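Derivation of every value follows stated rules applied to the coordinates shown; laboratory data play no part. Note that this is a predicted model, so its numbers are computed, not measured. Don't worry about glycine lacking a Cβ; one is built from the backbone with ideal geometry, like all the others, and counts go over all protein chains shown.
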Amino acid sequence: MGKKSRQEQQEAAKDASCSLMELERAAEELGLRLSSLIVYEDEEGVQRLNPLYLAAISEQLQFDGDIPELRIGAMPEGVMPAVPIETDAMDLVAIGLSLEKASKNTLDEIKSYHKSLLAKDPFALSRLGKDADLPAYRRGRSPSFVKIDTSGSEIAILTDKERQNYAWKALSSTPGRKSVAQMLEKRIEESFPSLHRMSGVDQIPIDESHWQTMFGGKEDFNPGCGLIGLVWKSFHRFLEKYKASKRSYGFEVKPVNRVSDRQAGWSLYLYEY
């Protein structure tokens, strides 16, 4: 059998919910290091997923539980939704606790949504497929950010172990890093009103700043390290040199998701327009 072209391989990878191109785009956003060909053809001519792709997904699932951007089927039973949050918090513990609450709330919404569908049609979930997904949490798409209120009193009663678990969740999970990235963008807008937030920019930045940290085991992580404060100070210092400029600048903060290397953090990109 002749070797399939790139286009033919993409067509073979298409699913009812998302195409190979969408999978690659989502994988890039998540920082997964994949082969350029997600699908390959084995000796018997059967289309299969690249083992490197499967390994990258499995590793990410250890921290996130679910990856709706890359999922092509229904969310498995027992899996919790991986939902980013809208937050102003600079504390990893508060963010981690809010992530857990958002995940539980989203799961409740999914169950309620499915219940309403099944009340009208007992076979709705199997018949509708991806159309049975909660609109805010659909397979093949990035989940919507969720607004969650977490009070200081909720954090105050946490045990040291719980604080460590929540702080770890905020740093090690993709939703956690995405939530922090959005929060940093809001703080930059407030502190540097002449700069404009940009998203999905298709141009080379004129300058950039990166803040990364290695993360090992959860047991060794210090929840009171003030990590986000360090990131904010680093980015603020970086942007100060552009504060008095007469030129027009835009910026974007992206999470660093090098899970395979146990590196996490955030990158700030500055564009001129």
Open item on the list: Show me the ranking of peptides 191-201, 84-94 by mean Cβ neighbours inside 10 Å, starting with the highest.
Closed with: 84-94, 191-201
- [ ] Report, in whole Å, the centroid distance computed from the Cα atoms of region 192-224 and region 61-117.
- [x] 22 Å
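Run the numbers for SER151 and ILE72: contour at 0.36 nm per residue of separation, minus the present Cα-Cα distance, in nm.
Details: separation 79, 0.36 × 79 = 28.44 nm, distance 3.62 nm.
Between SER151 and ILE72, full extension yields an extra 24.8 nm.
Which shape class, rounded, prolate or oblate, goes with region 80-224 when its Cα gyration tensor gives a ≥ b ≥ c as root eigenvalues, a/c under 1.5 marks rounded, and past that a/b bigger than b/c marks prolate?
On the way: a/c = 2.18, a/b = 1.35, b/c = 1.61.
The shape class here is oblate.
For ASP202 and ALA124, compute 0.36 nm times the residue count separating them, minus their Cα-Cα distance, and round to one decimal in nm.
In short, 24.0 nm is gained.
Highest first, please rank the peptides 134-146, 217-229, 151-163 by the mean number of other Cβ atoms sitting within 10 Å of their residues. Mind dumping the intermediate values first?
Values: 134-146: 18.0, 217-229: 14.2, 151-163: 11.5.
Put in order of decreasing packing, that is 134-146, 217-229, 151-163.
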- [ ] Could you work out how far apart the two model spin labels at ASP220 and SER245 are, taking each label as a point 7 Å from the Cα in the direction of the beta carbon, and quote it in nm?
- [x] 3.9 nm
- [ ] At 0.36 nm per residue, minus the direct Cα-Cα distance, what do LEU61 and HIS114 gain on full extension? Give it in nm, one decimal, please.
- [x] 16.7 nm
Task: Whole-number D in µm²/s for region 204-273 (Stokes-Einstein; Kirkwood sum over Cα pairs; 10 °C, 1.306 mPa s) - done: 116 µm²/s
- [ ] Tell me the label-point distance for the pair THR213, GLU44, using the 7 Å Cα-to-Cβ offset, in nm and rounded to one decimal.
- [x] 4.9 nm
Open item on the list: Below 22 Å, Cα to Cα, which lysines can LYS147 reach? Residues fewer than 8 away in the same chain don't count.
Closed with: LYS101, LYS104, LYS111, LYS169, LYS178, LYS186, LYS254
